[in-house]
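Take a look at the structure below.
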Amino acid sequence: MRHEDQVQMVRRVMRHVEEGTTSYAPKIHRNPISTYTDPERFRREQETVFRNWPVLIGMSNLVAEPGDYVTEDIAGIPAIIVRDREGKVRAFRNVCRHRGARLVEGEGCGLKMFSCPYHAWTYTLDGRLKGIPDAKSFDEVDKAEQGLFEMHAVEKYGLIFVQPEGAMDIDEALGGMQRDMESYGFENFQPYRHLTIRRKFNWKLSPETFMEGYHLQYLHGQTVGPIFFSNLMAFDEFGRNSRLIVPRRRIMELKDKPEDDWKLIPETAIVYNFFPNVTFIMQAGHVEMWRSYPDGAPDRARVEVSVYTPQKVETEKAKAFYDKNIDLAIATVDEEDYPLSEGIQAGHNAAMQDHVTYGKNEPALIHYCTTIDAAIA
Ligand code: FES
Ligand SMILES: [Fe+2]
């Protein structure tokens, strides 16, 4: 975030601390629990917000060099994300045009060409069909017509987005949040750790658990709660996306320092909510991406957790520093938030009430649920 914006945000947070306030929505909001259980709603979500919108996949160095690739399941769309020989990031459906085999699994680097494991059809990294063993048996196939199906991929601000259908302008999608994104230098960040978490809750419950600070002192009272102000956040929306500034208690010490030295990080955690499914957290030393996907049913989610560091972690000392922070951050969510969210889902599955209620002090939740409702309408 630009320094002038940081100073403004520090002032805003201090005002909240002094006045005992937080960012407020104009009124409370009731969200029907069918949002989390209805199969028809679930189908619509997958077919809209994960199809016609650029979904954040990771940072540029996920595929740092030509020939580096990762695979991803984008809410039912098997995808390959690869850096081609010219250095351009591309995304393809991960299906061979012969009989549909998956071309690659997992991730890898230094690939010269895709070679299908089934009958060895080959494709260039920019998706052209190159070789067919026993080509005369396929003499009616026009190679130019049978390249890989390409999806819209964008690399900007050191971030990679993939849109399975259509091609939206990324700055339009970011809705103003790019002002922050361009200031961090994500081009240089390095992937440090990745894990997959499968849970019995609707995919929206992962982003939602990061969207308010009301629960910090209660649910996280024994872990991270005491470090932060509870029920105190600065919230801003950027089109379909949003940002929450979550202040650590020690932010008030900045009062004794000149404004030129004010920095939001490490005095706060900054949570960026990338529509529709990514919680992107700027922590003191690292960035966490919690990318939540539907996992085949309204009450199942797969969360891909990716941690990035500002530079390569090379020494044991640096590794110990990052591991300590990252372990605590992940354990807090995995052992406190996610079990709680599974309990919420179980209650919703049993139709224990018609709706849940978001208070005025939970503006990010209200923004998120009304945004998704509008997007799938
Ligand atoms: S399915 Fe790929 S070569 Fe046959
Ligand atoms: Fe939490």
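The values are calculated or read from the model by the stated rules, or taken from the named source; none is laboratory data. If you're wondering where the values come from, they're calculated on a predicted model, not measured in any experiment. Every residue, glycine as well, gets a Cβ built from its backbone with ideal geometry; the counts of neighbours run over all protein chains shown. Please note that ligands, DNA and RNA were not included when accessible areas were found on the heavy atoms of the full protein model with its side chains. Shrake-Rupley method; radii C 1.70, N 1.55, O 1.52, S 1.80 Å.
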Practice task
Looking at (1) open to solvent by 50 Å² or more (accessible area, probe 1.4 Å); (2) over 24 Å from Met168 (Cβ atoms); (3) touching a strand residue (DSSP E or B) at 6+ places or on another chain (Cβ under 9 Å), find the lone condition where Arg250 falls short.
Solution key: (3)
Handout entry: Out of Gly100, Gly110, sole residue that is away from ligand 1 (no atom under 16 Å from the Cβ) and open to solvent by 30 Å² or more (accessible area, probe 1.4 Å)
Key = Gly110
Exercise for the section: Report yes if some residue within segment 104-113 is at negative phi, in contact with a strand residue (DSSP E or B) (Cβ under 9 Å, 6 or more places away or on another chain) and within 16 Å of ligand 2 (Cβ to nearest atom); otherwise report no. Expected result: no
Practice task
Among residues belonging to segment 292-331 that are open to solvent by less than 10 Å² (accessible area, probe 1.4 Å) and in contact with a Ser or Thr (Cβ under 7 Å, 6 or more places away or on another chain), point out the one that is farthest from ligand 2 (Cβ to nearest atom).
Solution key: Ala301
Exercise for the section: Determine whether Glu187 is assigned to a helix (DSSP H, G or I) and under 14 Å from the mean Cα position of the chain (by Cα). Expected result: no
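Condition check ((1) under 24 Å from Val287 (Cβ atoms); (2) surrounded by 13 or more Cβ atoms within 10 Å (Cβ to Cβ)) across all residues:
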site	(1), (2)
Thr122	no, yes
Asp142	no, no
Gln146	no, yes
Glu155	yes, yes
Asp171	yes, yes
Gly176	yes, yes
Handout entry: Filter result for the condition that a residue is away from ligand 1 (no atom under 16 Å from the Cβ), acidic (Asp, Glu) and more than 28 Å from Val333 (Cβ to Cβ), over Glu187, Glu208, Glu212, Glu150
Key = Glu150
Fill in the blank from the handout: Of the listed residues (Ile197, Ile227), the one being without any contact (Cβ under 8 Å) to a residue 40 or more places away in the chain and among the hydrophobic types (A, V, I, L, M, F, W, C) is Ile227
